[in-house]
Structure formats: C-alpha cells, structure tokens
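Participant: Handing you this structure, nothing more for now.
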Amino acid sequence: MAPVGIVSRGRVFHGWYIVAVAAITGAASGIAIYSFGLFFNPMHDSLGWSRTAISLALTIRILTGMFISPVYGPIVDRKRGAMILMVGGGVVLGVTLVLTSQVTQIWQFYLLIGVAYGMSVAALSPQVVTPTVIAKWFIRMRGRAIAIVSLGHNAAAIFFVPLTAFIIVNFGWRNAWFFLGIVGFILVVPLSALFVRRTPEDVGLLPDGREPSDSSGTPELNARPDLATEHDWTLREAARTPALWLIVVGFTISGAGLGGFMPHVIPALTDKGYSTVVATALLTLFSILIVMTKMIWGILGERVQVRYLIAVSYFVATATMLVMVLVDSGPLILLFPVFYAVGGGGYAPLSSLMWANYFGRGSLGTIRGVFLPATQILGAFSPVFAGYVFDVNGNYDTAFLVFGFCFAVGAVAMLLAKRPSAPSRGVAHPAVVV
C-alpha cells in the first residue's frame with residue numbers, strides 16, 4: 001500500500017500520476033524491443049546464431065504474452081491486481097535482462113528473452129494491463145490519456161536505442177543487456193508500488209477527476225453522446241457482437257506487420273548500405289515523430305469514430321512498407337520514419353481506445369486478456385518469417401510486401417467494425433459518475 005496521502009483529492013487528478021507511471025513502465029518494457037535489432041550482428045559474430053534463430057526469441061516472447069494475457073486480464077479487474085502485476089513485471093524484467101548478458105546457448109536466450117521477458121512485457125507494455133487501468137480512470141479524456149501512456153514505449157527508442165548502440169560499440173553487447181536490466185528494474189518497481197490503483201472509485205475519486213456535481217454534462221459530452229454514457233459489457237455479451245470479431249480479425253492480420261517489421265528495421269537499413277549510425281538515427285527520428293502523432297491520434301479519437309482513424313493509420317503503414325521495398329539508397333529513405341510515425345503511431349492509442357469505448361470499463365481487462373492471444377498470433381511468427389525471408393533471399397522485400405498487404409486488409413476490417421448497440425440488460429453509466 002502507498003503511504004497515506006499518495007492518493008488524494010489534490011489539484012492534480014491521481015489518474016494523471018498513473019498515466020505517468022504507465023508511460024515510464026511502457027518505456028522500460030520496450031528498452032529491449034526497440035534495441036533488439038542492434039544485437040543481431042554482434043551476437044551472430046560472437047555466438048554464431050543466425051537472424052532466424054535470434055528472431056525466434058521474439059516469437060516465443062509474443063507467444064508467452066498471448067498465453068499469459070488471459071490470466072493477467074481478470075487480475076487487472078481486481079483490486080490491487082494491476083499494481084501487483086506491474087511490480088512483479090518490473091522485478092522479472094530487471095533480473096531477466098541482467099541474466100541475458102551471460103547467455104552462451106540459444107536455449108538460454110529463448111528462456112530469458114522469450115519466456116521471462118515475455119511475461120514481464122505483458123505486465124508492463126501498453127497491451128492489456130496498463131491501457132486497461134488507464135481506461136478505468138478516464139472516459140471523457142481517455143484518448144489523450146492512453147496516447148500519453150503509449151508514448152512511453154517510443155521513449156525507449158528515443159533514449160535507449162542510441163545509448164544501447166553506444167554501449168555495444170564501446171563496451172560490448174553483454175554489458176548492454178546488463179545495463180538495460182538495471183535501468184528497467186529501477187524505472188518500474190518503486191513507482192508502480194507507490195502510485196498504481198485499479199479505479200478512481202477505489203480511492204474515493206471519479207473518472208477524469210470530475211466531481212459528482214458535474215454530472216449534468218459538459219459541451220464535450222453533449223456533442224458526443226457515445227462519451228456521455230458507457231455500458232459495461234460482460235465477456236459473453238461482447239463475444240456475441242459482430243464488431244468484436246471484426247476487431248479481432250483486423251488486429252490479428254495487421255499484427256503480422258506490427259510484430260515483424262520493427263525488429264528487422266535496423267538490419268534492413270544496414271543491408272541497403274546505410275551505416276549503423278544512420279539506421280539508428282532514422283529509428284530515433286521515427287520515435288520522435290511518433291510522439292507527436294500519437295498525441296494527435298489520441299485527441300482525434302475523442303472526437304472522431306475510432307474505426308475510421310485506425311483504418312487511415314493502417315493504410316499509411318501500407319505505404320511505409322512500399323517505401324522500404326522501393327527505396328534502396330539516398331535521402332528518400334527519410335519517408336520511412338515519417339510515414340511509419342503517422343501510420344504506426346495510431347495503433348497503440350487507437351486500439352486501446354477502441355476496446356474501451358466499445359465495451360466499457362467493468363470487464364475490460366477480462367475481455368482484452370481473452371482475445372489478445374488471437375490478435376497476436378500472426379505477430380508472433382512474423383519476426384521469424386522476416387528472418388527466414390532474409391536468410392533465403394538475402395533481403396526483406398517479400399516480407400515487407402506481405403506486411404503491407406496485412407495492414408491494408410486490417411484497415412478494411414476496421415472500417416466494417418461499427419460500434420455495437422448496448423446489450424438489453426445494460427445499465428448506462430454517466431461518464432462523470434462511474
């Protein structure tokens with residue numbers, strides 16, 4: 001428990017402290033994901049592992065997250081559940097990455113990065129746990145709150161990719177893993193224990209920091225009836241809606257591109273003749289740009305139907321894949337970070353926003369946890385697919401074209417996923433009273 005006074009009716013709504021903590025833990029969970037491409041060549045040179053073999057660790061990580069998320073989801077819906085998950089995830093994260101610095105066999109790498117790191121990422125990254133907690137603390141300002149949280153994951157690229165590259169070049173890849181583990185532990189454990197709580201109601205507050213006297217409505221709520229009331233769907237009710245299955249199909253297919261592209265960006269760029277410095281700079285530029293685009297997507301999500309926004313972001317991601325295939329050299333490669341920042345920037349805030357807006361707060365963790373495995377199955381194998389394509393063809397062109405097609409199909413599915421009508425037994429909760 002946090003000391004008395006940590007959660008209070010002060011000037012700053014406690015939900016914003018949780019947003020900050022969730023963003024920081026998201027950055028910690030992403031420090032090895034965004035830096036992963038930097039380890040391909042040095043670990044190959046040191047241990048003789050192929051890119052396919054190294055990429056398999058990412059597949060195991062995603063599969064681990066898929067299997068553990070249905071367990072995590074219901075825990076998030078329980079009091080103190082999110083705090084316990086995040087503190088535990090921080091401990092496992094730190095220990096895992098420190099131990100990774102000592103691996104000598106591929107099975108050790110799979111056990112640590114695939115299984116242990118996968119369990120920690122599922123508890124810390126903006127997939128199930130943290131976006132569910134944020135959705136419970138916000139309704140009217142949910143879009144911007146979730147967008148801020150999702151920025152943490154990209155902060156890992158802005159700050160830790162260049163730093164990790166520096167450590168690898170000057171001190172070796174083993175010291176880089178060790179460093180990431182220590183930093184991850186420090187960033188996650190203390191803050192999660194002090195600040196994370198399940199819902200505002202648990203500590204005598206209301207969503208968005210509203211007071212009960214504000215329940216008559218605001219211009220924002222009157223202009224958007226879908227934000228003024230929110231129905232809490234059960235898992236059974238949600239599973240009976242066409243919208244849920246269209247969402248699952250859209251996220252599943254597009255997940256192939258999201259899961260397979262980023263781990264291979266740096267080696268794909270260096271294979272085209274760009275130096276490691278330039279490749280790292282492009283990824284850092286992407287991460288800086290995505291910070292801005294995520295906030296824009298999040299705020300737009302409070303005003304525009306989220307399915308239209310996700311479709312646009314996916315179509316732009318398709319254009320990014322074409323850039324990576326068609327551009328072999330020169331300054332046109334700058335289109336990659338620009339396009340992908342716009343396209344990929346929409347996924348994290350808008351997907352979390354879609355689940356929350358469509359199915360409410362009450363069983364959100366359970367619903368997301370149960371269906372996350374389906375939405376990540378293709379993303380689990382796409383890094384290995386991309387590595388295999390490279391090992392066979394000597395380039396990533398075929399893989400990136402397939403990823404572009406997946407984004408386009410996902411966009412169409414999202415356009416068809418209309419928000420479902422409330423179940424007949426549902427009780428509408430005023431956005432400022434829930």
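Participant: Protein chains only, probe 1.4 Å: how do 398, 270 rank by accessible area, largest first? Don't skip to the end; give the middle numbers.
Facilitator: Values: 398 70, 270 35 Å².
The ranking, largest first, comes out as 398, 270.
Participant: First measure r as the distance between the Cβ atoms of residue 235 and residue 163, then evaluate 1/(1 + (r/R0)^6) with R0 = 45 Å and state the FRET efficiency to the nearest 0.05.
Facilitator: Efficiency, rounded to the nearest 0.05: 0.60.
Participant: I would also like to ask the following. Please give the FRET efficiency for residue 288 paired with residue 421, using the beta carbon to beta carbon distance and R0 = 41 Å, rounded to the nearest 0.05. Numbers along the way, then the final one.
Facilitator: Working: r = 41 Å, r/R0 = 1.00.
FRET efficiency, residue 288 to residue 421: 0.50.
Participant: Here is a further query. Enter the Cα centre distance for the pair region 114-191 and region 267-305, rounded to the nearest angstrom.
Facilitator: Here the two parts' Cα centres lie 16 Å apart.
Participant: Okay, moving on. So what does residue 308 come to for accessible area, using a 1.4 Å probe and Å² rounded to 10?
Facilitator: For residue 308, solvent-accessible area is about 100 Å².
Participant: Would you mind listing how long region 310-434 runs along its three principal axes, going by Cα atoms, in whole Å with the largest first?
Facilitator: Dimensions of region 310-434 along the principal axes of its Cα atoms: 57, 27, 22 Å.
Participant: Note down the nm distance, to one decimal, between modelled labels 7 Å out along Cα→Cβ at residue 303 and at residue 412.
Facilitator: A separation of 3.1 nm, rounded to one decimal place.
Participant: Let me ask another. Set the Förster radius R0 to 45 Å, insert the Cβ-Cβ distance between residue 171 and residue 12 as r into 1/(1 + (r/R0)^6), and round the FRET efficiency to 0.05.
Facilitator: Values: r = 40 Å, r/R0 = 0.89.
Step by step, r from the Cβ atoms, then E = 0.65.
Participant: Which lysines, on any chain, are close to residue 418 with Cα under 29 Å apart, when same-chain ones fewer than 8 places away are left out?
Facilitator: List returned: 136, 294.
Participant: Same structure again: Can you pull the Rg over Rh of region 327-367, Cα-only, Kirkwood? Intermediate values should be presented prior to the final figure.
Facilitator: Working: Rg = 16.8 Å, Rh = 12.6 Å.
With Rh from the inverse mean 1/r over Cα pairs, Rg/Rh is 1.33.
Participant: Counting only protein chains, not ligands or nucleic acids, how are 80, 361, 144, 236 ordered by accessible area (probe 1.4 Å), most first? Don't skip to the end; give the middle numbers.
Facilitator: On the way: 80 105, 361 15, 144 70, 236 165 Å².
I get 236, 80, 144, 361, largest accessible area first.
Participant: Sticking with this one: Under a point spin-label approximation (7 Å from Cα along Cα-to-Cβ), what is the residue 245-residue 334 distance to one decimal in nm?
Facilitator: For the pair residue 245/residue 334, the computed spacing is 4.8 nm.
Participant: For mean projected area of the Cα convex hull in nm², pick the label among [x] 33.9; [y] 27.3; [z] 19.2 that corresponds to the value derived from the coordinates.
Facilitator: [z]
The values are calculated or read from the model by the stated rules, or taken from the named source; none is laboratory data. Everything numeric in this text was worked out from a predicted model, so none of it was measured. For neighbour counting, all protein chains shown are included, and Cβ atoms are generated from backbone atoms with ideal geometry for every residue, glycine included. Accessible surface is based on the protein model in full, side chains and every heavy atom, while ligands, DNA and RNA are left aside. Shrake-Rupley method; radii C 1.70, N 1.55, O 1.52, S 1.80 Å.
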